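The values are calculated or read from the model by the stated rules, or taken from the named source; none is laboratory data. Predicted model, so just to flag it, every value in this text is computed and none were measured. Here the Cβ positions follow ideal geometry from the backbone for every residue, glycine too, while neighbour counts run over all protein chains shown. Side chains included, ligands, DNA and RNA excluded: accessible areas come from the protein's heavy atoms. Shrake-Rupley method; radii C 1.70, N 1.55, O 1.52, S 1.80 Å.
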Amino acid sequence: MAVERTLSIIKPDATRRNLTGKIIAKFEDAGLRVIASRRMRLSRAEAEAFYAVHKERPFFGELVEFMSSGPVVVQVLEGENAIQKNRDVMGATNPEKAAPGTIRKEFAESMGANSVHGSDAPETAANEIKFFFRDLDIVG
Ligand code: ADP
Ligand code: MG
């Protein structure tokens, strides 16, 4: 199994409730390392660009509104099989369907306000990391 990098975002519902440390601990406990991190506030345009793949979905407007509603923490996670491992630690998109012990099961407020984003495949991980970080910002 290969060492991979993936993009993680701690979403505004979680920063608002001061949950960043508890969420990062879940990643670290699973063997993922934070090798780049920045707290920032996305503009509407940035949220639209980041989630452009979803622009035809009925929830797109709500998603952009939510993701630009408060601070987020964008980070690069590294580890063995990091893309799938991050998705496993996050849990299902719908928190009602998320497995016990996952971030979304424990912390998500709703389907939209579900505390974390994680890249879903190697190509999206590479593109999403590039969206937020220069190579120089990533220290593995
Ligand atoms: P995931 O974040 O698990 O990869 P998707 O890529 O399908 O899920 O969706 C991106 C984000 O859009 C979700 O994390 C969630 O915040 C929001 N979202 C997805 N489906 C819905 C929905 N039916 N209603 C509201 N928000 C949604
Ligand atoms: Mg997704």
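Quick look at the numbers
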read-out	value
Whichever residue in region 77-124 is within 11 Å of ligand 2 (Cβ to nearest atom) and open to solvent by less than 40 Å² (accessible area, probe 1.4 Å) and, among such residues, is farthest from K26 (Cα to Cα)	A121
Unmet criterion (only one of (1) within 27 Å of G101 (Cα to Cα); (2) surrounded by 17 or more Cβ atoms within 10 Å (Cβ to Cβ); (3) touching a helix residue (DSSP H, G or I) at 6+ places or on another chain (Cβ under 9 Å); (4) not hydroxyl-bearing (S, T, Y)) for R38	(2)
Any hit, region 58-76, residues being open to solvent by 50 Å² or more (accessible area, probe 1.4 Å) and farther than 19 Å from A113 by Cβ	no
Candidates V89, V74, filtered to the one that is assigned to a helix (DSSP H, G or I) and hydrophobic (A, V, I, L, M, F, W, C)	V89
Identity of the residue in region 116-140, touching a strand residue (DSSP E or B) at 6+ places or on another chain (Cβ under 7 Å) and part of a loop (DSSP other than H, G, I, E, B), that ends up farthest from ligand 1 (Cβ to nearest atom)	V139
